[in-house]
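Q: Just passing along the structure, written as structure tokens.
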Amino acid sequence: MLMQGFADFLGLLNIALMVFTGFALVDAAVRREDAYRAADKKTKPFWLIILGLAFVVSLVFPIMSFLPIIGLIATIVYMVDVRPALRGLPGGGRSSRRGSSSDGPYGPYNGGR
């Protein structure tokens with residue numbers, strides 16, 4: 001009975017790890033590539049590869065093995081160091097299809113200058 005409860009807990013922990021790394025991977029994917037360079041935090045492909053590997057490892061291996069722990073550490077580094085630095089940039093480091101707030105329907109509005 002106790003072992004089944006522990007196995008259920010580890011299963012839930014593994015699902016939480018997958019959700020956490022999946023969120024970090026999606027967040028890294030929607031950030032602009034130049035924002036990583038501006039924040040001096042490696043490159044976007046570097047973080048996409050690291051977080052992608054962490055996500056795949058969390059899918060394949062159980063939580064008590066060594067590799068998911070390394071992936072968890074990489075995900076935590078992204079979430080507490082890289083993500084706040086990217087969000088601190090103007091525009092939040094997100095790619096945007098919308099222009100500036102001063103853009104009109106035919107291009108930027110310069111105030112009649």
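The values are calculated or read from the model by the stated rules, or taken from the named source; none is laboratory data. This structure is a prediction, so every number in the text was calculated from the model and none was measured. So basically every Cβ, Gly included, is an ideal-geometry build from the backbone, and we count neighbours across all protein chains shown. Just the protein is used for accessible areas: all its heavy atoms, side chains included, with ligands, DNA and RNA removed. Shrake-Rupley method; radii C 1.70, N 1.55, O 1.52, S 1.80 Å.
Q: From the list Ala35, Ala28, exactly one residue is assigned to a helix (DSSP H, G or I), within 20 Å of Leu72 (Cα to Cα) and in contact with a helix residue (DSSP H, G or I) (Cβ under 7 Å, 6 or more places away or on another chain). Which is it?
A: Values: Ala35 fails: within 20 Å of Leu72 (Cα to Cα).
Exactly one residue qualifies, and that residue is Ala28.
Q: A further question on this structure: When the residues of the range 60-78 are filtered to those that are in contact with a helix residue (DSSP H, G or I) (Cβ under 8 Å, 6 or more places away or on another chain) and open to solvent by less than 70 Å² (accessible area, probe 1.4 Å), which remaining residue is farthest from Met18 (Cα to Cα)?
A: Taking the candidates together, the pick is Tyr78.
Q: Answer yes or no as to whether Gly5 is within 8 Å of the chain's Cα centre (by Cα), of a type outside the set (Val, Ile, Thr) and either at pLDDT below 95 or in a helix (DSSP H, G or I) (or both). Please lay out each step first, then the result.
A: Numbers: within 8 Å of the chain's Cα centre (by Cα): no; of a type outside the set (Val, Ile, Thr): yes; either at pLDDT below 95 or in a helix (DSSP H, G or I) (or both): yes.
Considered against the rule, which asks whether it is within 8 Å of the chain's Cα centre (by Cα), of a type outside the set (Val, Ile, Thr) and either at pLDDT below 95 or in a helix (DSSP H, G or I) (or both), Gly5 comes out as no.
Q: Identify all residues within the range 39-59 that are farther than 22 Å from Gly88 by Cβ and open to solvent by 70 Å² or more (accessible area, probe 1.4 Å); write none if there are none. It would help to see each step written out before you state the result.
A: Within the range 39-59, the first condition is being farther than 22 Å from Gly88 by Cβ, and the residues that meet it are 49, 52-59.
Of everything in the range 39-59, those that are farther than 22 Å from Gly88 by Cβ and open to solvent by 70 Å² or more (accessible area, probe 1.4 Å) turn out to be Ile49, Leu53, Val56, Leu59.
Q: Counting only residues that are in a loop (DSSP other than H, G, I, E, B) and in contact (Cβ under 8 Å) with a residue 12 or more places away in the chain, which one in the range 79-96 is least open to solvent (accessible area, probe 1.4 Å)?
A: Here is the first cut: in the range 79-96, the residues in a loop (DSSP other than H, G, I, E, B) are 88-89, 95-96.
Okay, now just the ones that are also in contact (Cβ under 8 Å) with a residue 12 or more places away in the chain, so 88-89, 95.
Working: Gly88: 64, Leu89: 39, Ser95: 83 Å².
So, considering only residues that are in a loop (DSSP other than H, G, I, E, B) and in contact (Cβ under 8 Å) with a residue 12 or more places away in the chain, the one least open to solvent (accessible area, probe 1.4 Å) is Leu89.
Q: Could I ask something else about it? Output the residues belonging to the range 39-55 that are within 14 Å of Arg83 (Cβ to Cβ) and either of a type in the set (Lys, Arg) or in a helix (DSSP H, G or I) (or both).
A: Scanning the range 39-55 gives Lys41, Lys42, Lys44, Trp47, Leu48, Ile50, Leu51.
Q: Considering only residues that are over 12 Å from Leu59 (Cα atoms) and over 15 Å from the mean Cα position of the chain (by Cα), look in the range 14-38 and name the one that is most open to solvent (accessible area, probe 1.4 Å).
A: Per the criteria, the residue is Arg37.
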